[in-house]
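Since the structure comes first, as structure tokens, the remarks are kept for the end.
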């Protein structure tokens, strides 16, 4: 004997919430895609030394501010990105190289273990 589960009618607020979520996801995806594109253009220009770096930086900073205003990214994240890239645009500083893990083993723990015995 199979029991059937009663279906619950979806509330209007639940349906509206789903519609809003779909709209927000589409907007956020579009804005984030634009940000990534602008950042790639700016970083490529910094590497090659193109003259239009300042114009590209202004476009990227504007896009970051708009994204932060809409709530797509956090305002502090936008400020951090702008600050770091502005430093590179102004001074031409290279990004820090990633740290390499050392393969040498530490001898200190073995020496301590030998002293205890």
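Arranged from highest to lowest average of other beta-carbon atoms within 10 Å per residue, in what order do the peptides 53-62, 11-20, 27-36 appear? Let's see the in-between values first.
On the way: 53-62: 16.5, 11-20: 9.7, 27-36: 13.6.
With the highest mean Cβ count within 10 Å placed first, the list reads 53-62, 27-36, 11-20.
Using only alpha carbon pairs under 8 Å that are at least six residues apart, calculate the relative contact order of the stretch 12-93 and give it in whole percent. Mind dumping the intermediate values first?
Numbers: 40 pairs, mean separation 22.3, N = 82.
Value for the stretch 12-93: 27 percent.
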Inset, instruction - Report the full-extension gain for the segment residue 44 to residue 16: residue separation times 0.36 nm, less the Cα-Cα distance, to one decimal in nm. - result: 5.8 nm
Legend entry - At R0 = 22 Å, FRET efficiency that the Cβ-Cβ distance of residue 66 and residue 25 yields, to 0.05: 0.80
Legend entry - Proxy reagent accessibility, fewest Cβ within 10 Å first, across 52, 38: 52, 38
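Every number in this text was worked out from the coordinates using simple rules, so none of it is lab data. Keep in mind that this is a model prediction, so the values were computed, not measured. As a convention, Cβ positions derive from the backbone with ideal geometry for all residues, glycine included, and neighbour counts pool all protein chains shown.
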